[in-house]
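The values are calculated or read from the model by the stated rules, or taken from the named source; none is laboratory data. Model, not experiment: these values are computed from the prediction. Methodologically, a virtual Cβ is constructed for each residue, glycine included, from the backbone with ideal geometry; neighbour enumeration extends over all protein chains shown. All accessible areas refer to the heavy atoms of the entire protein, side chains included, with ligands and DNA or RNA removed. Shrake-Rupley method; radii C 1.70, N 1.55, O 1.52, S 1.80 Å.
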Amino acid sequence: MVKHRFFALFAAFGLSLSSASALAGTTVITFDEDTIAGNLVSLKHGTVITDQYAAVGVRVSVDNASSGPDLGVLYDTKPGTGGGKNNDRDSDLTGPNWGNSNIANVNNYSAGNALIIQENSYGCSDGVCNNPDDQVGRRGDGLAGYITFDLDFELSSLGFDLIDFQADLSAPEVSQSQVILSNAMDSVAYNFSDFLSAPNSAMFGENSINRVVLNSLGLSGVNQVKFKVFGTGAIDTLRLGENTSTQVSEPFSLALFGLALVGLFRVTRKS
């Protein structure tokens, strides 16, 4: 009888190790109706985004390079002014009937809410801005600011949609805008112009929408994604693939082993 209990204890110990290093999958953030900690959360036009996604290990912060507030705000890309949408200040952020795109059947694609660097602070004190509008790049260098996603996990892959980044390479929106991936010690940056070639084959331009997928990040241990935004534009539909190769830390493994031995000792005495 002791032998069977001994086996059960170490089977449970092995299961604990297996569960701790189990596949976590991909976290998808649409900025529309997202399931957060088991609850369906609907976010509306003008919502200021900060820690709404903390339950899934994602925190958002914004640094506005111009005179506007340091706010990331949702812009409803659907046409019209109804359904809680107060205005259509920027037709370049509106679709379907998108411009250039690498998304199949794009003119039937509804992007819903997208995240912008907010240009003004009108009515934002209650957490929902009255006049969502994307920040124009500052005079001189065209930098609008930074949108940063700090993660409680490590990335293995990354996807995102880019809306209304201009194709004119005499302007900095594509040639200088970047996504910067960082770990505790290092970082690697990709210019949006890097996505013009395959496999992404983005087609930037006014009112454009393009999907970017990075299956190879070029850096291990990535736990921060930062968008350096020039000109105007919006970010949508983040697909955050979690690194599944991280194993249980040694102290945790030893603690589990110790618990198993204590359980074995108790079972032996009882029998």
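Quick look at the numbers
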| item | result |
| --- | --- |
| Hits among aspartates and glutamates - C-alpha to C-alpha of Lys78 under 13 Å, sequence gap 8 or more where chains match | Asp32, Asp88, Asp90, Asp92 |
| Solvent-accessible area per residue for segment 59-201 (1.4 angstrom probe, square angstrom) | 44 |
| Separation of the Ser216 and Lys44 label points, Cα + 7 Å toward Cβ, nm | 4.6 |
| Per-selection Kirkwood Rh - segment 151-249 (Cα, Å, 1 d.p.) | 14.0 |
| Neighbourhood charge, 14 Å Cβ-Cβ cut-off, centred on Ala54 and excluding it, Lys, Arg +1 and Asp, Glu -1 | -3 |
| Under 5 Å, built H, 5+ apart or other chain: amide partners of Asn131 | Tyr122 |
| In sequence order, calculated HN-Hα J values of segment 153-158 (Karplus, 6.51, -1.76, 1.60; Hz; x Gly/Pro) | 9, 9, 8, 10, 7, 8 |
| P(r) weight above 14 Å for segment 96-142, C-alpha pairs, percent | 65 |
